[in-house]
Every structure is written in C-alpha cells, then in structure tokens.
Amino acid sequence: MTDKTSGFRTAVVPAAGLGTRFLPATKTVPKELLPVVDTPGIELVAAEAAESGADRLVIVTSPGKDGVVAHFVEDLVLESTLAERGKFALLEKVRKAPGLLDVTSVVQEEPLGLGHAVAQAESVLDADEEAIAVLLPDDLVLPCGVLDAMSRVRAELGGSVLCAIDVPKEQVSAYGVFDVEAVEGADADVLRVRGMVEKPALADAPSTLAAAGRYLLDRAVFDALRRITPGAGGELQLTDAIALLIAEGHPVHVVVHRGSRHDLGNPGGYLRAAVDFALEREEYGPQLREWLEFRLSENWDPTAPAR
Ligand code: G1P
C-alpha cells in the first residue's frame, strides 16, 4: 500500500475528553456528537480528513464514549426503514459517515493529556506509515483544504507541518504558540518553527500565531511523546513533543491559515459555528437570517407575539 499524494493514510482524532464545558448535555452525549445544524462535529472533521487523502480514521476515545465510534458504523435497520419510507435524502445523509473512511478506535484509559491521547494511536499504524494527520475535533478550519497545503509543504521541506492561525493577543494563553522565522523562497504563509510553547502567559508568548488543531506529524513524534514529561496543566502535551523534535533538529513548519475557523470546544464558539453553517443552508438560512436581524434590531420585543 502506498500513500496517496497527501503522504499520510491515517488521520487521528482525539475524542477522549469529558466535555465539561458542555455539561449537563455531555453527561450522556459525547461532545463530538453535538450537531452543527444536523451533522456531528466529528463527522465534519472526518469528511475533511477523507477529502485530504486519509483512508483511515483512528478515534481516540475514553472508556464509555463508544457512541462516537458508533456514529461511523452502518445502521442497516435505520437505513432500510428510511428506504422503505422513500426518505432518500435522509438515507444519503445517514450513509455518509460510514462511507467516508475506515474507522477504528483506541482507548485512552486515563485523561493524561493530548500528547498521551495521540500516543495511543501508534499501536494501530502500519509499519510503513511515515506520517499521520491529527485533527482536533474542536477546531473547524474553513474552508477545508489546509491539510492539502500542509502535505505540499511536507513533500517539499520534510519533517512535520502544522496549521497556524493569527489570534488576538489576549487569546494566546489558550493555545500552543509558535516562535517562527521566514523560509527563504517559500510562500509568505509558510514559516519555519523555531520553538513552540503550550498556553504561555501573554508576556512569554513568542508570537500571536497559534496551533489550530491540524497537524501533519512525522512518525518520529511517537518517540518524542515517549520522552516528554507533564507540562502545562500537568498534562502530557503534544506541543511539548513537537518542541522536543524541533530542539533535536527535526524540521517543523507552519502553514498560516487565512480563512475562518470555529472553536467547537465551548458553547459560545459552538453556537457561532451552528449559526454560520445554518445561514449557509437553503432550508434554514433565509428564515434564520430574517429572525436574527429582527432579534438584533431595535424592534425586538420579547413580549410581542412570536414571528
Ligand atoms: C489544544 C492544543 C493547543 C492548540 C489547541 C487548538 O489545546 O493543546 O496547542 O492550540 O488545542 O484548539 P486545548 O484547546 O485542547 O486546550
């Protein structure tokens, strides 16, 4: 089996978190299954991975979060019911996730951090896989396609390639932040990473370029993950493994993403994504727009009859 032009076959999606910011909903519903209009966030991310050339998705779950993987399993009873009722548009929607790519799961037994979660995927990789993609399901990077740009950079410059977004200064402490320099002769949005620090204080942040949940990582990352110690928040951080690789001379670059991005990891960001996606849908968009305009106008009156 050879990799397609993307240079990777496997996309790893860490989905082991407790989803505490979405409690009480996430008491029984995994955060990754909350719908963006009608499609779970993790299906959007799986579709992006498939689009970029992945043929296998490795979902890192925690004990009891089997529903996330079940979303990618064919439901023949549901499918035949929809077919019998002539609901073919719904049938197509239901079939989409199981048809995207092969899904396997690995369990992260303890919540020891993102680095530890990614490390669990090594056990299911084939011996000839030289790189993996990691997509954080909290992040929607739009329009899709940044992984393609990252693959091109890896093909040219080798090593590992990450996606960066420029964030407002006050937000840097929520991210992995890059220390970068220009690459001679390269596109202005491709930068060499000199260092990376997880959730720095504003005063210590080397830039406002932050990791945006898309990583194309050389297999060497697994060796680095075995050698890191707990970092920010007392967790084993993926950022620290990447920083270790850089310190040891492994090439790491970023592609700066200039499009939009949603953070599904908190209710505020999730709602923005839902509204954004709904506005683009012909069956919901026009009415939602009209209602939002009214809701935000001076004519809004919560005691008036519903429109
Ligand atoms: C994780 C990563 C961080 C990255 C962020 C992107 O942090 O550790 O480096 O910038 O995702 O969303 P988390 O948001 O899980 O705290």
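If exposed means no more than 15 neighbouring beta carbons inside 10 Å and the site is in a DSSP loop, what's the longest run of the chain without any exposed GluC sites (Glu not before Pro)? Can you show the working numbers first?
Numbers: sites that count: Glu74, Glu109, Glu130, Glu184, Glu248, Glu280, Glu282, Glu283, Glu298.
That would be 1-73.
Between Ala155 and Leu23, the contour length at 0.36 nm per residue exceeds the alpha carbon distance by 43.3 nm.
Applying 0.36 nm per residue to the separation of Ala304 and Cys144 and subtracting their alpha-carbon distance, the gain on full extension is 53.5 nm. Scalar couplings 3J(HN,Hα) for the range 107-121, obtained by applying the Karplus form with A = 6.51, B = -1.76, C = 1.60 to θ = phi - 60°, are 9, 8, 5, 10, x, 9, x, 5, x, 5, 5, 5, 4, 5, 6 Hz; x denotes Gly and Pro. Using R0 = 45 Å, the C-beta based FRET efficiency linking Leu76 and Asn266 works out to 0.80. Taken along the Cα-to-beta-carbon direction at a fixed 7 Å, the label points for Leu288 and Ser207 span 3.4 nm. Projecting the Cα atoms of Phe294, Leu33, Ala89 onto the charge dipole of the chain, computed from C-beta unit charges around the Cα centre, puts Phe294 farthest toward the positive end. Taking every DSSP helix (H) stretch of at least 4 residues in the chain, weighting each as -39,500 (n - 2.57) and dividing the sum by the residue count yields a mean residue ellipticity at 222 nm of -9500 deg cm²/dmol. Ranking Gly213, Tyr270, His250 by how far each Cα lies toward the positive end of the dipole of the range 181-277 (charges on Cβ) leaves Tyr270 at the top. Looking at the range 236-307, the chymotrypsin sites (Phe, Trp or Tyr not before Pro) that sit in a DSSP loop and have at most 13 other Cβ atoms within 10 Å of their own Cβ are Trp300.
Pairs of Lys residues in the chain that lie 8 or more places apart, or on two chains, and have C-alpha atoms under 23 angstrom apart add up to 10.
Filter the trypsin sites (Lys or Arg not before Pro) in the range 249-289 down to the DSSP loop ones having no more than 16 other Cβ atoms within 10 Å, then list what survives. Filter output for the range 249-289: Arg258, Arg281.
Bridges between two residues of the chain, per DSSP, are antiparallel at a rate of about 60%.
Compared with the alpha-carbon gap, the fully stretched path from Arg194 to Leu296 is longer by 32.2 nm at 0.36 nm per residue. In the elastic network of the chain, a GNM with C-alpha springs shorter than 10 Å, the most mobile of Val94, Val141, Val177 is Val94.
Each Lys and Arg Cβ is given +1 and each Asp and Glu Cβ -1; about its Cα centre, the chain then shows a dipole of about 480 debye.
Computed from backbone phi, the HN-Hα couplings of the range 193-200 come to 9, 8, x, 8, 9, 7, 6, x Hz, rounded to whole numbers (Karplus: 6.51 cos²θ - 1.76 cosθ + 1.60, θ = phi - 60°; Gly and Pro given as x).
For the chain, modelled as a Gaussian network with Cα springs under 10 Å, which listed residue fluctuates most, Gln287, Gln108, Gln120? Evaluated over the chain, the most mobile residue of the options is Gln287. Amide H contacts under 5 Å for Arg261: Leu142, restricted to partners 5 or more places along the chain or on a different chain, H placed in the peptide plane at 1.01 Å from N. Please report how far the C-alpha centroid of the range 108-171 lies from that of the range 277-301, rounded to the nearest whole angstrom. A separation of 35 Å, based on Cα centres.
Report the charge-dipole magnitude of the range 12-145 in Debye, nearest 20, computed about the Cα centre from +1 at each Lys and Arg Cβ and -1 at each Asp and Glu Cβ.
Details: 10 positive and 22 negative charges, 152 e Å.
Dipole size: approximately 720 debye.
Scalar couplings 3J(HN,Hα) for the range 206-216, obtained by applying the Karplus form with A = 6.51, B = -1.76, C = 1.60 to θ = phi - 60°, are x, 6, 10, 8, 10, 5, 10, x, 10, 9, 10 Hz; x denotes Gly and Pro.
Where a number appears in this text, it was derived from the coordinates with a stated rule and is not lab data. This is a predicted model, so every value here is computed, not measured. Virtual Cβ from ideal backbone geometry, glycine too; neighbours counted across all protein chains shown.
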